[in-house]
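K.L.:
Could you have a look at this structure, given as structure tokens, before my questions?
The values are calculated or read from the model by the stated rules, or taken from the named source; none is laboratory data. For clarity, every value in this text was computed on a predicted model and none was experimentally measured. No Cβ is skipped: glycine too gets one built from the backbone with ideal geometry, and neighbour counts run over all protein chains shown.
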Amino acid sequence: MKHLTCQIATTAHWAAGLALALSCAHVHASNSARYTLETVGPTGKWVKPEGISPGGRITGSYDNQKTMEDSMFTYVNGRYHKIPSVDPASGVAINDVGVVVGWSPGPESRDDFYQDETGRHTIKPGGFTAEDINDAGQVAGAHYDVSGRRTGAVYSIATATFEFIPGVGKNHSRPKAINNAGTVAGYIHEGSCFIYKDKVMTDIGTLGGSTCYANDINDDGEVVGESKNPKGRPRAFLWKDGQMIDLVPNQGTSWATGINNHHQIVGAWSASDGSDFFLWENGSAVDVMSLLGPADKERLEDIYRLTGINDAGEIIGWGTVEGEMRTFILKPIAP
């Protein structure tokens, strides 16, 4: 993992120094540890996070060595829970009530389900692909509408019904996230991003290019993801107050994966040796590796993905920790 730094050379010419400082305005490196590293699940186990809730619950999959298949796990209040089953299964998203949505292989395609305190319930009819769930039990995903066309949908656990989200022309809608106000964020296949609420779709556009992919939305309706710019390069974006902005304009290809209700964003940009991962807050981005102390930097050998960030500012990801693929949490150190 490359540790990003942004150095300003000493110079007698203050103007040159100012120019160098401004070139570093969007990406900063911290000088002391702000976060500590913790791992989720037992050692020697393949544990991958897929969904987190604003309150810090986590779900995903782990390597079930008894069945030699993936099984679902949850992580709640600092405790790791294996949820073994006869069939392979993976958690996709979890809300702060404790309801998980996930999927398992079906006879012809995947079967998506929700699991609560009463057990596991298949979402019917089949063919639904769940992406996210809010505290009201609304599940955003994709399904087949009455004409047999695959399109976006919101499934209500309370009523066991679907509300379909229309596409644009021949291109279907693809919801990716839903907040606690019931606002859905997603994208049109081969098109722009959108938000959808109360049967109204709002096109939020792109960064000037042809496509946009939304990944997450917070309770203020702020959306993050990746969009092509006018040169056709994918860039991490934040949409808020009717405007879409490039989060790390001085970097190459980039993408944002999560946002919390305190406007902190996590994502990554491509680098010569792979990807560097960032935390964006207060208008600038910082390499997450620079947030750790020397011992934790040594333990966290590589990052594969940052899944998201919860409202406590905890960053959840997946990577190599001390030689093993692990789910990890970067926890803020209290000032």
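K.L.:
Please work out if L306 is within 30 Å of G205 (Cβ to Cβ), of a type outside the set (D, E), surrounded by 16 or more Cβ atoms within 10 Å (Cβ to Cβ) and in contact with a helix residue (DSSP H, G or I) (Cβ under 9 Å, 6 or more places away or on another chain).
P.N.:
On the way: within 30 Å of G205 (Cβ to Cβ): yes; of a type outside the set (D, E): yes; surrounded by 16 or more Cβ atoms within 10 Å (Cβ to Cβ): yes; in contact with a helix residue (DSSP H, G or I) (Cβ under 9 Å, 6 or more places away or on another chain): yes.
So L306 fits the description; yes.
K.L.:
Among the residues of the stretch 185-203, which ones are among the acidic types (D, E) and under 19 Å from D216 (Cβ atoms)?
P.N.:
If the condition is that a residue be among the acidic types (D, E) and under 19 Å from D216 (Cβ atoms), then D203 is the only one that fits.
K.L.:
Quick one: count up the residues across the stretch 149-208 that are closer than 24 Å to D241 by Cα, in contact with a strand residue (DSSP E or B) (Cβ under 8 Å, 6 or more places away or on another chain) and of a type in the set (A, V, I, L, M, F, W, C).
P.N.:
Matching residues across the stretch 149-208 total 14.
K.L.:
Do the conditions hold for G209, that is, is it in contact with a Lys or Arg (Cβ under 6 Å, 6 or more places away or on another chain), in a loop (DSSP other than H, G, I, E, B) and within 17 Å of F194 (Cα to Cα)? Steps first, please.
P.N.:
Numbers: in contact with a Lys or Arg (Cβ under 6 Å, 6 or more places away or on another chain): yes; in a loop (DSSP other than H, G, I, E, B): yes; within 17 Å of F194 (Cα to Cα): yes.
It is true that G209 is in contact with a Lys or Arg (Cβ under 6 Å, 6 or more places away or on another chain), in a loop (DSSP other than H, G, I, E, B) and within 17 Å of F194 (Cα to Cα).
K.L.:
Let me ask something else. For P175, only one of the following conditions fails: (1) buried (at least 21 other Cβ atoms within 10 Å of the Cβ); (2) more than 28 Å from H121 (Cα to Cα); (3) at pLDDT 95 or above. What is its number?
P.N.:
With (1) buried (at least 21 other Cβ atoms within 10 Å of the Cβ); (2) more than 28 Å from H121 (Cα to Cα); (3) at pLDDT 95 or above applied to P175, the lone miss is (2).
K.L.:
Next question. So, in the stretch 116-138, exactly how many residues are touching a residue at least 40 places away in the same chain (Cβ under 8 Å) and closer than 17 Å to R174 by Cβ?
P.N.:
4
K.L.:
Here's a follow-up. Only one of (1) modelled with pLDDT of 95 or more; (2) crowded, with 19+ Cβ neighbours inside 10 Å is not met by H262, so which one is it?
P.N.:
(2)
K.L.:
Just to be sure I understand, how many residues within the stretch 148-199 are within 22 Å of the chain's Cα centre (by Cα) and of a type in the set (D, E, K, R)?
P.N.:
4
K.L.:
Okay, moving on. I'm trying to understand the selection: among the residues of the stretch 137-161, which are at pLDDT 90 or above, crowded, with 16+ Cβ neighbours inside 10 Å and assigned to a loop (DSSP other than H, G, I, E, B)?
P.N.:
G137, I157 - these are the residues of the stretch 137-161 that are at pLDDT 90 or above, crowded, with 16+ Cβ neighbours inside 10 Å and assigned to a loop (DSSP other than H, G, I, E, B).
K.L.:
May I ask you to say which residue of G317, G252 is under 20 Å from E131 (Cβ atoms) and not acidic (D, E)?
P.N.:
On the way: G252 fails: under 20 Å from E131 (Cβ atoms).
Among G317, G252, only G317 is under 20 Å from E131 (Cβ atoms) and not acidic (D, E).
K.L.:
Of the conditions (1) within 15 Å of Y155 (Cα to Cα); (2) in a loop (DSSP other than H, G, I, E, B), E190 fails just one. Which one is it?
P.N.:
So the condition that E190 fails would be (1).
Conditions (1) surrounded by fewer than 19 Cβ atoms within 10 Å (Cβ to Cβ); (2) among the hydroxyl-bearing types (S, T, Y); (3) at pLDDT 95 or above; (4) part of a strand (DSSP E or B), marked per residue:
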position: V224; (1), (2), (3), (4): no, no, yes, yes
position: S227; (1), (2), (3), (4): no, yes, yes, yes
position: L238; (1), (2), (3), (4): no, no, yes, yes
position: M244; (1), (2), (3), (4): no, no, yes, yes
position: P249; (1), (2), (3), (4): yes, no, no, no
position: G252; (1), (2), (3), (4): yes, no, no, no
position: T257; (1), (2), (3), (4): no, yes, yes, yes
position: V266; (1), (2), (3), (4): no, no, yes, yes
